Every structure is written in C-alpha cells, then in structure tokens.
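Below you'll find the structure, written out as structure tokens, and then a few comments.
The values are calculated or read from the model by the stated rules, or taken from the named source; none is laboratory data. None of the values given here were measured: they were computed from a predicted structure. Because the Cβ atoms are built from the backbone with ideal geometry, glycine has one as well, and the counts that use them run over all protein chains shown.
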Number of protein chains: 4
Amino acid sequence: MYFASDNTGPVHPNVMAALARANEGYAMPYGADDIMAQVTTRIREIFEAPEAAVYLVATGTAANSISLATLTRPFDTIFCSPEAHIHEDECNAPEFYTGGAKLTLVPAEDAKMSSDALRNSIAGEETRGVHGPQRGPVSITNVTERGTVYSVAEIKALCDVAKGFDLPVHLDGARFANALVALGCTPAEMTWKAGVDVVSFGGTKNGCMGVEAVIFFDPKHAWEFELRRKRGGHLFSKNRFLAAQMLAYLEGDLWLDLARQANAANARLVRGLKQIDGIVFLHEPDANMSFAGWARAGHQRLHDAGAAYYIWEGQLDGDNPDEILTARMVADWSMSDENVDRFIALARG
Amino acid sequence: MYFASDNTGPVHPNVMAALARANEGYAMPYGADDIMAQVTTRIREIFEAPEAAVYLVATGTAANSISLATLTRPFDTIFCSPEAHIHEDECNAPEFYTGGAKLTLVPAEDAKMSSDALRNSIAGEETRGVHGPQRGPVSITNVTERGTVYSVAEIKALCDVAKGFDLPVHLDGARFANALVALGCTPAEMTWKAGVDVVSFGGTKNGCMGVEAVIFFDPKHAWEFELRRKRGGHLFSKNRFLAAQMLAYLEGDLWLDLARQANAANARLVRGLKQIDGIVFLHEPDANMSFAGWARAGHQRLHDAGAAYYIWEGQLDGDNPDEILTARMVADWSMSDENVDRFIALARG
Amino acid sequence: MYFASDNTGPVHPNVMAALARANEGYAMPYGADDIMAQVTTRIREIFEAPEAAVYLVATGTAANSISLATLTRPFDTIFCSPEAHIHEDECNAPEFYTGGAKLTLVPAEDAKMSSDALRNSIAGEETRGVHGPQRGPVSITNVTERGTVYSVAEIKALCDVAKGFDLPVHLDGARFANALVALGCTPAEMTWKAGVDVVSFGGTKNGCMGVEAVIFFDPKHAWEFELRRKRGGHLFSKNRFLAAQMLAYLEGDLWLDLARQANAANARLVRGLKQIDGIVFLHEPDANMSFAGWARAGHQRLHDAGAAYYIWEGQLDGDNPDEILTARMVADWSMSDENVDRFIALARG
Amino acid sequence: MYFASDNTGPVHPNVMAALARANEGYAMPYGADDIMAQVTTRIREIFEAPEAAVYLVATGTAANSISLATLTRPFDTIFCSPEAHIHEDECNAPEFYTGGAKLTLVPAEDAKMSSDALRNSIAGEETRGVHGPQRGPVSITNVTERGTVYSVAEIKALCDVAKGFDLPVHLDGARFANALVALGCTPAEMTWKAGVDVVSFGGTKNGCMGVEAVIFFDPKHAWEFELRRKRGGHLFSKNRFLAAQMLAYLEGDLWLDLARQANAANARLVRGLKQIDGIVFLHEPDANMSFAGWARAGHQRLHDAGAAYYIWEGQLDGDNPDEILTARMVADWSMSDENVDRFIALARG
C-alpha cells in the first residue's frame, strides 16, 4: 500500500528490457547515440512539433531549473504558484541555475493560478523600473502539486496573459501523462497550441528509472540549453541509457497506459474513501494524487498495517483518536486494485 | 517642496567641509586611512560595542546585500516583510550576493512584521528537509518602507523569535537615525541589546553624499565581509572620502540633529494635512515619511506649483477631479517650514 | 575497436542484473533505500574509513563540482593542473557550483603537478590580501587526463604541501580503480592516509551505467553536500538504482577486476604498437589510456576499418601520408584481445 | 614622496569645487540629474560617438566587472593577460558578476599580449564543443598593469583578432588618460576606431574622488548594464556627485593636463634613476608607472625618509645591503618636482 509518492514504485518491465537492449555493444557518448535520435523523432511526432529541440536529463529539478535558466535573466522574476515544486521542493535550484533570479508567488487556489491572479501579479512587478526585478517567465505545473489539473482552456488563458506581457511559459510536466489522460487532449493542445514554450516532460514518476525530457518548441534555445546542461553536470556520457528509457516509455503509448492505470487507481481510492463517513477531501482530485482528512484512529490502523503515505497536516503521534489528520496519497502505475481496496478497508475500520 | 525622497536634497555643509579637509595630502588607500580608524572608534562608542567590526560602502543596496550574504548560505531563505527594500527595490541584489538564496515574505501590517507572523513563517519553512530552502537570517527595516517604526520591544520580540530558531538578524537602517530619534532610545538598545547581529547604518538619506556603515557586533564575520565587499567592487581605493563623510555625520551628534529636523518637518506636514477635510492617512507616520490620500484636484495644484512627491496609488492624469490618489511624502533634514506650509496650503486649495 | 573513451562500452552484466533485482517492489526515495545503506557500509570498509560520508551522483562533473563547492568559498581559487578535467572539460561547472571561484593552473608534466610547482603556485597566490583570490582546495586527478598515474608518495607530497597551507585536497577519481590497480596499493593509502579529504570515486567509466560516489572522510561536510546536491538537481528520487549499480560494482571486487582488464588491454596495445617502427608514445602510459603518434596513412587504415579513437593532435584529413598525427586511445574493461591485436595489425599496415 | 599608487593623492581642486556646486538645491536621483546629462553629452563629443551609452560607477572593479558581465555568458571565458587587474586584483569580481565565467590567461610580455598570442589562446579554447568553456570577450588594459602602453596599432591588431572570432573587446582604462597622452592619439582612435566595444574610463586615479565611466559604443547593451549595475548595488541615489566629478574632470581638458603631469613626473623620476649606477628598469616605462631594481641599502634610505612605494620583488627586511629589490613606483598628477628629485637623491645615496 505505497501511496507515499509515485517515485517509490518499480520501473516498468518494458523500460528495464530497453535498458538491457541498449547495453549491447558500443555507442557514441553525450547524446550522439542512435537511440537519442529516435527519441527526438518520436517526441516531435507526438507533439506535432517537427522543429522542437529535445534533451534528456535524469531529474525533474534539473529539467525545470535548466530550462527556466535558459529563459530567465538573473535580474528577472519567475511567476509561479506558492505550491510550485520549483518554489517549495528544489532547495533554491531555480535561483541557483538562473544566477539569482527571484520567484514571484501568484495567489492560487488548490495550486492553480487563475489568469486574473497571474495578470495582477505580472502587472504589479516592474513598476519600479531598474529598482525592482524584471518580469520573467511564467511557470505552470500540470498535474499541479495538489493533484488538480489545469484544463486546456485554463492553460491557454494563462499563456495569453504571459504573451500579453511578452513573457515565455514553462510547463512543469513531472506528471505530464497523468494530466494528459485526465484531460483527454493531445500533447500539442496541452502545450504549444495553448502557448507553452518549453516543457519538462516527466518519465521518472510514471514507470521510468530516472529520465525527464526537456522540449523547446522554438529551437533557438537549443545550444544555450546544452551548455547550461553540461555546466550543471547533467550531460550523461552514457546518454543511451536515458534515451532507452524514454523510447520505451513512448513506445506503443506505454506512457499513456501507465498514466491511465495510476489515475484509475487513484479514482478507485477516492471513490472508496468518499463512501466512508467523516472522510473529507480538500478538493476534487483530477489525476493520481489526492488529499483527504480523517480521524487519527484510521491513520493509526493504516500505519500499523504498513500503508505508506504522507501525513500532510497534523502528526500521527497524539492522544486524541478523533483529531482529523490530512493525508497526501499518490498512486503510481503499479498500484493494484487489491492494495487500493485494502487501504480503503483499513481507513473504514 | 521636494518630498520625493530623502535622497534628492543637499549634503550637509559639515559633511562637505569634512571632504575638503580630508583632501589635504596623501592617505593610505582601501580603508587603511586614519579617518577610517576614527570612524570605527566613534561607532563603537556610539553603539557601546567595543568589539564591533565597522565597514563603509557607498550605497544602501551594497550595505544590505553584502552584509546579508555574509550571514546567508546559498540554499537558505531570508525572512523579511513584503515591503522590504531588499525584496522590492534592489533588483535581486540579495539573491545575487548570496549566490541564489531566496526571500520568504512574512505577512506584515504597514510594513511591520509581528513576532507571531515571523514565527509562523520560519516554522513553515524547512519542514521538507533537504528539499526546501533552509532557514536563514531575518531582516528588519527601521524606519520601515511605509514610514512606520518598530519599537524596541517589537524588535526584541522579532529577534527572540529568530534566536529561538538560531537565526541571525539584520537591520536595514537606511533611516536608522530617524527611527532612533522617533524612539528616543540608544543605538545599542535598538540593535544588539535587542538581538540584532548586523546593521546597515545609513548616512546617505540623512545629509551625507553617499555612505553607509555596516556594523557587525560579532567581529567573526569581518574578514569574510571584507572579501565579499571587494569581490562586489565596493572597496573604495580612496576610502578616506567615505570615512570623512561618516565622521562628520557622527560628530557633535549631527546625525541625530538632522534626523530630528526631518522628522519634525514630516510631523508639521502631517499636522497640517490632517486639518484638511478629506485627507486620509494610510497609517500613523512615525518618522519622516507619510502616506496619505486626497482628491486629484489637490494633487494637480501641488504638481502645477512644482511640488515633488510620488503618487503611490493612482495616476495624476485622469478626468475625475474627486478621485482619491495616495501620495508618498518624505522629508529630509533640509526641508524648511516655509516649504512645508506652502505644500499644506496648496493641498488645502 | 572502440578506443574513443571508456564511456562508450557496455555496462557489466553484474550491474545490469543488480538493477533488475533492485526493481523488485517499493523503496524509499532520495537515498533512504536499503541498498544505499549497504553501499555506505561497503565503501567505509573498502576505504577503512568508518566515519566517511558517502553520496551518489550520476556524472563525474557533478561529483567534482559539488564536492569542490563544499570545500571552496566563492572568493577562493582551486589549484589544479592545466589538463584537469575540472578546467578543460566541465564547461565552467566548478565556477558555477562554487558561485564564482577561480581555478589556478599549476604547471604540470604529462598532467602531473610536482609538489614544488604546487608550492610555488600556492605561495604565489594571495600575496595581495583582500585584492586577490584566496587560497582554496587542491584538486588532483588520478589516473590523470594524460593517462599517467601519481604514485602514493607523489599524492602524499602534494597533500603535504596543501596541508602546509591548511588547504583541503580533492581527488578526481573518475578512473580511481585503474589508478589503484596500477599502483597496487589500498584505497586508504591512495586517499586519506596520504592526506586526501574528498574523493570523486568513479563507476561510469569502469562498467557502470552512470554512477559516481563522493566520499568525504570527515563527515562534517555531509549536510552541506546534501543541500548542494539537491540544489544542483542531482538528488535522485529513485536513488536505489544508483545504489544498486555501485553495490554490484564493489561486490566481489568487480571494480578491481574490470580495471585490471582495462589496464591489461591498454598494456597489450602499447606493447604491440611499440614494436612498430615510427610509433612514438608521448609518455609512458600507466593505466588504461595512452597517447602515441604515427603517420597519417596508418590512421587512415584504422579509420577505414572502423577503429574509433580521438586524433589528439593533427587532422585525419590531409594530403601528406607521412605526417605524424597523435592518437588518444582509451581501453575499457570490455576490450577483447582480438580487437587490440586487430588494431595493432592495422597500425602496422 | 608618495609613489605607492595613484590612489593615495589628493582630489584636484576643480573636482572639489564641482562637488560643492553640485550640492546646491535638489536634484533627481539615480542618474536623472542634469549634470549626468551633460556628462553623457561631453563623453560622446570627446569620443566622437554620438550614440554611446554612458554610465558612472565609483570603482574600477565595478566598471570592469559589470561591463564585462554584460558581454559575457556564464559558460564563456574572458581572454586577458596574466597581469590583468581583473585577474589579479579583483578578488574574483569578474567571475562573480558574470555568474561563473572563466578567465583565460594569454601569455604576455611586460603585461602586453601580442596579437599572435591572443589568436593562439582563442583558437585553443572551445575545440571541445559543449565540454569546454565558450569563447568570450577579450579584455585589454591600457596603461597596462606593468606601466607599458599598447600603441593604437597594437590595440587594433588585438581587436582584429577578436573580431575574427566575432568576440567583443573591453578596454580597462583605469589609466586611460595616461595612455592617451603617452600615445598622442584621440580617444576614438584608441577605442572604437580600433575595434574596442566598451571602455572602463577611469577618473579615480587621475584627480577624481571616486568615479569611473563605462562607455558602450553600441547602446544595445545599455539597459542590461543598468540592471546589472543596480543589482550590484552600484547605482547611486545621489548620482549627481559622481556626475559632478566626471564633468569637472573633462572640463577644459583637465583630465589630459593631469595625466600629462603624472606622466611627466614619472619621466623625471626615470631619467634621474637611470643615471644612478646599479639601477635597472624591468622595462621601458611608457606612462606614469615604473618598475626598477636597486640595492636594499638604497631602499632603506628611502624608507627611513618616508618615501612610500611597493617593494614588488624581495623584502625590505634582510641582512644583505647589496641584494637587489624591485620597486613599483606610480606618480599621480600632484607629484612635485621637488619630491621627485628628493626621491632620486635618496636613491643615489
């Protein structure tokens, strides 16, 4: 019953098999391998973006920080939600990679910025000329850090605001596939057709071992990104093993199948928990992550049975069995119906 | 009628005379001049801090950023109010000098953080271990950017919170003298006795040409500060001309006299404006800066007569003569009663 | 006949098998997995360093830059050879990770610094007090970038110089195993017993997929390293797959066996080429990399037959078949005797 | 007898008088003052560059570092001589302001790079694609740090090399006036007509209190420079006092007169010392700085009489009165013939 994160589960067998195949013989290093060329071709097809520049790195923090640094000057500020991974969970990596840019936190509901809030925040910055930070890129996360999903229209509205100020847009897609299957749209619709300029396209949380693609729809940024990736220590000599993961992930729409499984597991979990009296969800979960509160006694039962998830608000330790603690639960592709049902049964008590 | 800022007025004649005296003959460069030694002695006396390390730079942004960088690791976050000069008006200088630290904005009322708000903000950070930014220094401004003044007790309460988390405290004292005479306390009471570790001690806004002292009460940071100052290009070869300004500023308590004049000019202005119907102050002004709103027609009269101040909210241009626009007015030491009274008369109409 | 680098060959089957095993079930993320604990234990045993702090990253540039940044202040200079990978091949990564430190190039012969040259370089820096860069760590590479190997006595002599100035020592051990088996000493003798403070312990070039250990013999640097690793985007959520590689690499002394194979392949190559008239080695190769010159015609034959290696000096394209071009040849663990002999035969013509 | 540096002498009376004049009344802050407008106009005239962007800062390190940062990407390397002030005397300020760029030291004779040496250095960098630093600007110092002067033809030859690689050229003109009067050319000939893109135009060492102009001949860099200046804490609120210095410095060709006086004082010193047996100059001094060696006994006499200058090589303390110690002597505009002659007499013994 591992709902702690979608980074604790196993790598999908297809990805493991691809790594084994990629290991045959010799390959050119640093991204000049044949598999990388196939990855680029495949991603361009999937995104209907024949000019896109495509790169691989091994972590989401690297994908976000290096792509943002390519679009941000050190005296700029990046607009994002207060819950953004780049703000809360990257130990100042964006500030580091940009050489000291700032992050401006746009008020958000359930981790989603409205286009009005974004417009107000951007308009509010740089009324001070040289004294204040300058307006930099907008960064959106989809699936958000609270498990909600921006619709295509919402993404477009945010991008329109950004474009109105001539600012580029970055999409943190650590859970890109989960958002896509939740929306039922195409990758192009969720990105460049809506106005997104660069995507961190996650693989690690959805069945890969450790690989994220960075996709620039305008290739003019390509060489600078390559230099920044190398300078950050994120250019792999044996890039073929990143490429092999990504190719297997995309092959036969595996990435979409795995995201559907994860979302379905979460939906099953939500359905079950909602039927239990006293369990309240913080907001409607849209993909593979949900937040809900119930009494300590229920958490204690789950914990004693080995269920793994974060207590988001409150502390498991405590005297009052009725106190409400909030749980963050994330399902990955490998979550079985049995484990979901067992979790629900334990929560019910 | 120059109320635009306390950086538009003239340098006090004593300071000019000191520059002329300092110009006689040769002097050792880079801070090894005799005048600097006298400055250090005098500041230690004034602050009752015989061990303090004292340095001079020419701008407030340099004083703030370099002193903060000495106390902040690049993966830390600095706690300050949303109105802090270091956040709003330094074009990411703190992020630059710290190598990419973050600023956490603590909710504040009239630019003053409460100790509760500070405690909540600090407690809220770094619950994520290695993932989030680490807790760094607290930075307080007194006089605040909204013209309010923290009492000694309020400063102590903030420092106590910081010390409870083992965090150092920086005081942005661009208007240190104005706060001090408003409070009627000693420099030691407003700083190290309350728990402040380092002060940006302003001279520029209060009658100097361009000089700020950085005072570390614990000299262990001295050498690192010197290296960071040099690396930032803020070590003056002809340091004697910074030192001469500061020495003249401190001599015979000139600094306190000038601050009293500025505060008195502001008080006269506030008294006068308050007697006019329809003029509303955003909050009670404590020192030499005030914010108040009145109708466009009044602003237009002042503007036509050559009065200089910022329209803080709203735009001078506009059709409706009754619309309320908010002014920011700052008085420096050189403001005459005549000019204050003329301003009031014009506002009255 | 892949002699282009030791990063083009396959991953050893034991490492692949370990990855497959590590994939069973769920594991705690971010280094809290069980395999990581075993890696730490094993490295402490191998290095006879029960207190050592051990971390994994995926690239050599990350290992070098983050470990150096932990020991270097931004106003320092790092002492290294002009051929050092950190100077020539990391696109300013050390400058980036340190926040702007400098590298001072110590004259070296065949990429090896003498202790006299190091002493002179260190003595020469920082005679300017606050004006010049301050003395920072010494960085040694073993096997060097020219295929030579420092003896234990030579490392100790360099460390003694560093310690005389109270400076820490970093060892870039991208080819640590190849150096160790060349020297026939213990890991402790080549590192902390000689005075080394931190090691980049390479796995990628010697049979792994992409993993390097950073080993601090004094654990006081541990937490800062963790923060810098995270901030650089080098903390893997699925760290278990880095740990599995490293554990397999160390198990049953696989790492030493593979290095012996690589060194032996190189020795066979050198022996064969030396018997050919007109082939001149730049210097005596000590491990698995060698540099030698011969006529263009020979290079052309090899090239036409598909041999892969770098032309270090000169250009393959050219009219004069007798012009001497220098080759850099690197053997990895997977190089067969047949391929070595075929290479020699083609060079002979 | 102050020959320690040209930063120990007095400010010229005209500059002091201009500061007093500038102090009358109120002025717009942050460079919007009227005097600044006059400075810009005057510098454009002097340099025959009607489009040039002109900015003032207070130190040479700021002028060099911020102007270079505007032209350098963080993954670039700057080409300069090993004696360059930006390398030896700025405590890593260029590395700091550029966000971690590197400096490549071009072999130089008497601190002058030849165009061949520069070409070789540039050609040698970036043969490694993404792995090595990228080629960045060339930085020339005139007068050099060893007191030699590049001719216009030599500057042009260096710029031609830079332009051949499409690289910008920066001129560190801390002693711009001294070089100009030594060459007898126009400011335009020594800069943009020869191919220089940006100049640090020094005032501090030649009679000002602390002011340097940064001149971009192509104004496209203007706004970025302004942001970088502010972010570095080098934008003065009371900019009028920087501007007043610079305007007085340029008025009536004061700057050229003062440089002529300094160069003449140095020439007189050199003539006198050359007539003394046993005094050997390191190289022919071209402007206001010279390096020469003589016996310790002579240095001791000068030292006892209060002469101030640096012992460049060797130590004043020592037993052997015949040991040769090298002196660095710098004359500024205020050096009297009497003091020069007294120095010579003491050196003669």
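Brief remarks on what is shown
- Enumeration of residues in region B:106-125 that are surrounded by fewer than 18 Cβ atoms within 10 Å (Cβ to Cβ) and under 25 Å from residue B:74 (Cβ atoms): B:120, B:123, B:124
- Restricted to region A:98-121, and to residues there that are more than 14 Å from chain B (Cβ to nearest Cβ) and of a type in the set (A, V, I, L, M), the residue that is nearest to residue A:286 (Cα to Cα) is A:111.
- Test: residue in region D:270-288 that is assigned to a helix (DSSP H, G or I), touching a Leu at 6+ places or on another chain (Cβ under 6 Å) and among the aliphatic types (A, V, I, L, M): no
- Residue C:64 falls short on exactly one of the conditions (1) part of a loop (DSSP other than H, G, I, E, B); (2) within 30 Å of residue D:94 (Cα to Cα), and that condition is (1).
- Residue within region D:60-74 that is out of contact with any helix residue (DSSP H, G or I) (no Cβ under 9 Å at 6 or more places or on another chain) and either buried (at least 22 other Cβ atoms within 10 Å of the Cβ) or not assigned by TED's automatic domain parsing to the domain that holds residue D:206 (or both) present: yes
- Taken over region B:160-176, the criterion of being more than 30 Å from residue B:4 (Cβ to Cβ) and in contact with a helix residue (DSSP H, G or I) (Cβ under 9 Å, 6 or more places away or on another chain) is satisfied by B:160, B:161, B:162, B:164, B:165, B:167, B:168, B:169.
- Single unsatisfied condition, residue C:28 versus (1) buried (at least 22 other Cβ atoms within 10 Å of the Cβ); (2) at the interface with another protein chain (Cβ under 9 Å from one of its Cβ atoms); (3) closer than 30 Å to residue A:339 by Cβ: (1)
- Residues in region B:260-277 that are surrounded by fewer than 21 Cβ atoms within 10 Å (Cβ to Cβ) and in contact with a helix residue (DSSP H, G or I) (Cβ under 6 Å, 6 or more places away or on another chain): B:260, B:268, B:272, B:276.
- Selected residue (only one of B:128, B:135, B:146 is farther than 23 Å from residue B:5 by Cα and touching a residue at least 40 places away in the same chain (Cβ under 8 Å)): B:135
- Matching option when the condition is within 12 Å of another protein chain (Cβ to nearest Cβ) and either of a type in the set (Val, Ile, Thr) or closer than 13 Å to residue D:171 by Cα (or both), among D:141, D:148, D:127: D:127
- Residue match in region C:60-81 (condition: without any contact (Cβ under 8 Å) to a residue 12 or more places away in the chain and of a type outside the set (D, E, K, R)): no
- Check on residue B:185, closer than 21 Å to residue D:237 by Cα, within 18 Å of the chain's Cα centre (by Cα) and either at pLDDT below 95 or not in a helix (DSSP H, G or I) (or both): no
- Some residue of region A:190-199 being of a type outside the set (A, V, I, L, M, F, W, C) and closer than 21 Å to residue A:34 by Cβ: no
- Looking across region B:304-321, just one residue is in a loop (DSSP other than H, G, I, E, B) and of a type in the set (Phe, Trp, Tyr), and that is B:309.
- The condition of being of a type outside the set (A, V, I, L, M, F, W, C), away from every other protein chain (no Cβ under 11 Å) and on the phi > 0 side of the Ramachandran plot holds for residue B:48.
- For region C:322-349, a residue qualifies if it is assigned to a loop (DSSP other than H, G, I, E, B) and aliphatic (A, V, I, L, M), and the qualifying residues are C:331, C:335.
- Positions within region B:103-150 being basic (Lys, Arg), outside any helix (DSSP H, G or I) and in contact with a helix residue (DSSP H, G or I) (Cβ under 9 Å, 6 or more places away or on another chain), in sequence order: B:112, B:128, B:135
- Residues of region D:72-97 satisfying the condition of being part of a helix (DSSP H, G or I), farther than 24 Å from residue D:151 by Cβ and either facing chain B (nearest Cβ under 9 Å) or in contact with a Gly (Cβ under 8 Å, 6 or more places away or on another chain) (or both): D:93, D:95, D:96, D:97
The rows are residues; the columns are (1) outside the structural domain of residue C:137 (by TED's automatic domain parsing); (2) more than 23 Å from residue C:150 (Cα to Cα).
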{"residue": "C:206", "(1), (2)": "no, no"}
{"residue": "C:212", "(1), (2)": "no, no"}
{"residue": "C:230", "(1), (2)": "no, yes"}
{"residue": "C:233", "(1), (2)": "no, yes"}
{"residue": "C:297", "(1), (2)": "yes, yes"}
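- Check on residue A:136, at pLDDT 95 or above and on the phi > 0 side of the Ramachandran plot: no
- Boolean, residue A:237 is polar (S, T, N, Q), in contact (Cβ under 8 Å) with a residue 40 or more places away in the chain, within 14 Å of chain C (Cβ to nearest Cβ) and in contact with a Gly (Cβ under 9 Å, 6 or more places away or on another chain): yes
- Candidates C:20, C:37, filtered to the one that is part of a helix (DSSP H, G or I), surrounded by fewer than 20 Cβ atoms within 10 Å (Cβ to Cβ) and facing chain A (nearest Cβ under 7 Å): C:20
- On inspection, residue C:81 fails the criterion of being of a type in the set (Ser, Thr, Tyr), closer than 29 Å to residue C:266 by Cβ and touching a helix residue (DSSP H, G or I) at 6+ places or on another chain (Cβ under 6 Å).
- When region D:53-71 is filtered for residues that are within 26 Å of residue B:56 (Cβ to Cβ) and more than 9 Å from chain B (Cβ to nearest Cβ), the ones remaining, listed by number, are D:55, D:56, D:67, D:68, D:69.
Yes/no per residue for (1) in contact with a strand residue (DSSP E or B) (Cβ under 7 Å, 6 or more places away or on another chain); (2) assigned to a helix (DSSP H, G or I); (3) within 11 Å of another protein chain (Cβ to nearest Cβ); (4) closer than 22 Å to residue A:251 by Cβ:
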site	(1), (2), (3), (4)
A:195	yes, no, no, no
A:199	yes, no, no, yes
A:209	no, no, yes, yes
A:223	no, yes, yes, no
A:228	no, yes, yes, no
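Condition check ((1) away from chain A (no Cβ under 14 Å); (2) surrounded by 19 or more Cβ atoms within 10 Å (Cβ to Cβ); (3) modelled with pLDDT under 95) across all residues:
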site: C:153; (1), (2), (3): yes, no, no
site: C:161; (1), (2), (3): yes, yes, no
site: C:174; (1), (2), (3): no, yes, no
site: C:179; (1), (2), (3): yes, yes, no
site: C:202; (1), (2), (3): no, yes, no
site: C:206; (1), (2), (3): no, yes, no
site: C:216; (1), (2), (3): yes, yes, no
site: C:243; (1), (2), (3): no, yes, no
site: C:258; (1), (2), (3): yes, yes, no
